[in-house]
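The values are calculated or read from the model by the stated rules, or taken from the named source; none is laboratory data. Since this is a predicted model, take the numbers as computed values, not measurements. Cβ placement follows ideal geometry from the backbone for every residue including glycine, while neighbour counts extend to all protein chains displayed. Side chains included, ligands, DNA and RNA excluded: accessible areas come from the protein's heavy atoms. Shrake-Rupley method; radii C 1.70, N 1.55, O 1.52, S 1.80 Å.
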Amino acid sequence: MKLGRLVRRMAGPLEPRLTTAYRDFFFDVDGFAAEIAGAFDAQRVVEIGCGEGALLSALSARMPASTFLGLDVSENVGRLFEGDRSRVSFECADAMHVAGEQAASADLVLICDVMHHVPVPVRPLVWSAATALAKPGGAIVLKEWLRYATPIYWIGYASDRFVTGDRVQYQSRDEWIAEVNALAPSWSVTSEMGLRPWNSNHAFVLQRQAGVLA
């Protein structure tokens, strides 16, 4: 059993509070949600790899006119979501399958701290799903933990590696931009966000290049 799953099971009713405290040490989810809500007027938001629903909890409270879909391959998808379930739905499903059924359905596609868990050979499929889900004129936001030669970076790496058990693969800012150019060539990074509380938290805003439909 992975360490994170074991700790959550042992925490019992304290799990939501413990999970929030652990996450907040590394990343200000509420602050990120505030940035997203202020930057995008999105009717339909899809999050790929939404986990147990923390980001969609924060976003749905700040975007009352929006609807949300959270996708994850975990059986626990959306399990700790707090908010209005009438506007938020969760599916335990492969993003490529959903993209095939709901192509061009999202004004905004979010990929938050997910891509570094995805094996490099599989990443083209995730990018294909994200670009297929986005409407013409829509946007994709990729949030990642950037590789830096700092103590907090290594603490974050060790935490992610041993708590999740995944062979996480972090990249530098320039490497993520190069990946966008290679795997989503019709899209460009149009702006970036540095996020609290550590410099390793970084988000890239992608938009489809002018005149490109696919």
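Each label point was placed 7 Å from the Cα along the Cα-to-Cβ direction; for Q169 and E82 their separation is 3.6 nm. Within the shell of other residues whose beta carbon sits under 14 angstrom from the beta carbon of Q102, the net charge comes to -3, with Lys and Arg scored +1 and Asp and Glu -1.
Among DSSP beta bridges lying fully in the chain, give the percent that are antiparallel, nearest 5. About 40 percent, rounded to the nearest 5. Once you sort the root eigenvalues of the Cα gyration tensor of region 33-140 as a ≥ b ≥ c, which label holds: rounded (a/c under 1.5), prolate (a/b larger than b/c) or oblate (the other case)? It comes out oblate by the Cα gyration axes. Computed extension length for Y22-A210: 63.6 nm, one decimal, from 0.36 nm per residue of separation with the Cα-Cα distance subtracted. Using C-alpha pairs under 8 Å with a sequence gap of at least 6, the mean separation divided by the residue count of region 131-206 gives a relative contact order of 41 percent.
When +1 charges are put on Lys and Arg Cβ atoms and -1 charges on Asp and Glu Cβ atoms, the dipole computed for the chain relative to its Cα centre reaches about 300 debye. Summed over the residues of region 42-118 and divided among them, the accessible surface reaches 40 Å² per residue at a probe radius of 1.4 Å. Approximating the spin labels as points 7 Å out from Cα along Cα→Cβ, the L183-to-V120 distance works out to 1.1 nm.
Between A65 and M96, the simple spin-label model (points 7 angstrom out along Cα→Cβ) gives 3.7 nm.
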